[in-house]
Amino acid sequence: MTALIDARTLPTGTVLQTDLAIIGGGPAGIALALSLAGSKLNVVLLESGGMNFDPAIQKMYSGAETGVRYAPLDAGRLRQLGGGTNHWGGWCRPMDAIDFEARDWVPHSGWPISRKTLEPYFPRAQALVEAGPWIYDQKGDADNAAEGSVLPLSGGGLYTSWFQFSKMRGDILPTQFGNRYQDDLKRAPNIKPLLHANVTAIRLGANTKQVEQLDAATLTGKHFTVKPRFVVLACGGIENVRLLLASNDVMKNGIGNQNDLVGRFFADNPIPRDVATVVNFAGPLAPFYGANQNLPDGTIMRATFAPTAQFCRSARVGGSLSTIEQPAELDETGKTAVITTALALGVEASNAKAYSLGCGIELMPDPERRVTLSGEKDALGLPRLKLNMRIADEDFTRFNRTMTELGRQLLASKAGMLRINCHTREDWMTRMDWGHHHLGTTRMSADPKQGVVDADLLVHGMGNLYIAGSGTFPSYSASNPTLNLVALTLRLGDHLKKVMA
Ligand SMILES: Cc1cc2nc3c(=O)[nH]c(=O)nc-3n(C[C@H](O)[C@H](O)[C@H](O)COP(=O)(O)OP(=O)(O)OC[C@H]3O[C@@H](n4cnc5c(N)ncnc54)[C@H](O)[C@@H]3O)c2cc1C
């Protein structure tokens, strides 16, 4: 077994020649490196952080935020081996087929690949995130629900869907990619993982089409270079923008930014809390609604309400996943509403229980929701970032159409009822939380005028620079991104094996 190399021990001026340089050791960078383990390619994995959190390294992530209140740029990301998986929640769900489609009610939507293209990579991605056997919505609800039964919804726009959860081992959940896969990285003779190695510039040749060199530095003042045949940028959806825009000595607007797209269309999944109150006339809901459920084989699941593709089309709504949060107390008006509604429906509701419902929403793509360089610099002289965060009223009103439909289905099945709690922008914003899913900034499109990378994740106009991660998602889905970005990255690994052979 080789070791993880501490770049601070390299002599200044070191030049590393390699087939492939992967910049960033989060789940995307690690998944890619592991997919190439044992291949004929020599791979250098450059990771800014070490094995543990270090405030000085983390500070390089800080930046400025304007617009709608959002997490500080150094809070929703982690700069250490394993990246965001050192603090992720482990919620996993594959994206739906409709998420990849061009939807005429979702501006700028449509991937150049379909879900079918990604499907062969889901099993390996599922194994890497350690979310157990692929169950999700494949089996019947009864198989997924070990204890209790699902809420009967009448036919209509929403159905019960299922999350699975990443689980590293025993009680440790979820999988932290750095800790979990460090030995696999060490074991691979063709992979050289460097820690404390910050890439500070991507240097192009005079023809502007090839990366010739990466400049790298440590916080202790060491400088070295990597000369790769191919490069994959895997620093996360926000940080990839910074390296592309700041590497502007040859292309003055930054690499891949000839159409002013790098950093635009940033998105996250808003996860406002308590957006609705759900009442179950029959009493307490089954435990898998409000908490994670352990199946006998160790798989962890949780139920959620998802809109069908047909409903998304007819009601012109985006994706959303609405999940029971916790029991709620009804006020006097609410209690009266339950009694009168149950009477009108002719059902027994003396044990009725109320719950708050939270959700994860797919935002509509917006080119002005955007990451740019600011005038500030970090400890290594790299310009810091500025995020302009926006969310449109229409994003909220679309989601309320989905909630109205869920309420209709509950009444139609005589199972319960639903009250919408958010009517004004202020209602939404006071309940707002974010998924920290960094999407869209280097969007994928077959058309170079509409995207930064092509269907193979190659930067348009470049011959040897690729991008991995959820920044390449051109539209977003409500499903959590990591399982999906790992699948997309494994596909990139197969592509690189072919083009680099
Ligand atoms: C609190 C929280 C909860 C989350 N929960 C979930 C969840 O439940 N489900 C889900 O699917 N997703 C979740 N996420 C999102 C998830 O963490 C990300 O989708 C995932 O980490 C992105 O992977 P990545 O490899 O593209 O980027 P990152 O994980 O951000 O990794 C990028 C890596 O690049 C390194 N790096 C950065 N700059 C440089 C540089 N210049 N040179 C060298 N290396 C560099 C960083 O140190 C880091 O290790 C959550 C995120 C947060 C913050």
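The values are calculated or read from the model by the stated rules, or taken from the named source; none is laboratory data. Note that the structure is predicted; figures quoted are calculated from it, not measured. Heads up, the Cβs are rebuilt from the backbone with ideal geometry, glycines too, and the neighbour counts pull from every protein chain shown. For accessibility, only protein heavy atoms count, side chains too; no ligands or nucleic acids. Shrake-Rupley method; radii C 1.70, N 1.55, O 1.52, S 1.80 Å.
Quick notes on this structure:
- Element breakdown for region 5-499 at a 1.4 angstrom probe: carbon and sulfur atoms account for 52% of the accessible area.
- All Cα-Cα separations within the chain were binned at 10 Å from zero, giving a P(r) of 4, 20, 29, 24, 14, 7, 2, 0, 0, each value a whole percent of the pairs.
- Protein-only accessible surface at a 1.4 angstrom probe places the residues MET1, MET251 in the order MET1, MET251, largest first.
- Computed helical MRE - 222 nm, the chain, DSSP H runs ≥ 4 contributing -39500 (n - 2.57), nearest 500: -6500 deg cm²/dmol
- Distance between region 456-496 and region 301-362 - C-alpha centres, whole angstrom: 35
- Computed from the C-beta positions of ALA146 and GLU368, the FRET efficiency with R₀ = 45 Å rounds to 0.45.
- Charging the Cβ of each Asp and Glu at -1 and of each Lys and Arg at +1, and nothing else, the dipole of the chain about its Cα centre rounds to 1120 debye.
- Since only GLN450, GLY84, GLY205 are under comparison, the one whose Cα sits farthest along the positive direction of the charge dipole of the chain, derived from C-beta charges on Lys, Arg, Asp and Glu, is GLY205.
- Efficiency of FRET from Cβ geometry, ASP215 and GLU119, R₀ 60 Å, rounded to 0.05: 0.95
- Length added when fully stretched, ASP433-LEU411, from 0.36 nm per residue minus Cα-Cα: 5.0 nm
- Solvent-accessible area of GLU376, all protein chains in place: 120 Å² (probe radius 1.4 Å, heavy atoms, ligands and nucleic acids excluded).
- Cα long-axis angle, helix 177-187 against the chain (0 to 90 degrees, to the nearest 10): 40
- Backbone N within region 357-400 under 17 Å of label point (7 Å from GLU426 Cα along the Cβ vector): 393
- Neighbours of CYS235, meaning other residues whose beta-carbon lies under 15 angstrom from its beta-carbon, give a summed charge of -1 when Lys and Arg score +1 and Asp and Glu score -1.
- Taking region 191-213 and a reference point 7 angstrom along Cα→Cβ of VAL250, the backbone N atoms nearer than 11 Å belong to 202-213.
- The listed residues MET432, MET51, once ranked by accessible area (1.4 Å probe) with the largest placed first, stand as MET51, MET432.
- Within region 64-85: backbone nitrogen closer than 19 Å to the ARG187 label point (7 Å, Cα to C-beta): 82
- Between ASN179 and TRP134, the FRET efficiency from the beta-carbon distance, with R0 = 22 Å, is close to 0.35.
- Exposed chymotrypsin sites (Phe, Trp or Tyr not before Pro) absent: longest stretch of the chain, with sites in DSSP loops and at most 13 other Cβ within 10 Å deemed exposed: 106-501
- Rounded to the nearest 10 Å², the accessible area of THR2 at probe 1.4 Å: 70
- Fraction of beta bridges assigned by DSSP in the chain that are antiparallel (%, nearest 5): 65
- Accessible area per residue for the chain, computed on protein heavy atoms with a 1.4 Å probe, is 38 Å².
- GLU65-GLU332 pseudo-label distance in nm [points 7 Å out on the Cα-to-Cβ vector]: 4.0
- Ranking of ILE113, ILE5 by solvent-accessible surface, largest first: ILE5, ILE113 (1.4 Å probe, protein heavy atoms only, all chains present).
- Convex hull of region 348-501 built on C-alpha atoms - directionally averaged projected area, nm²: 14.4
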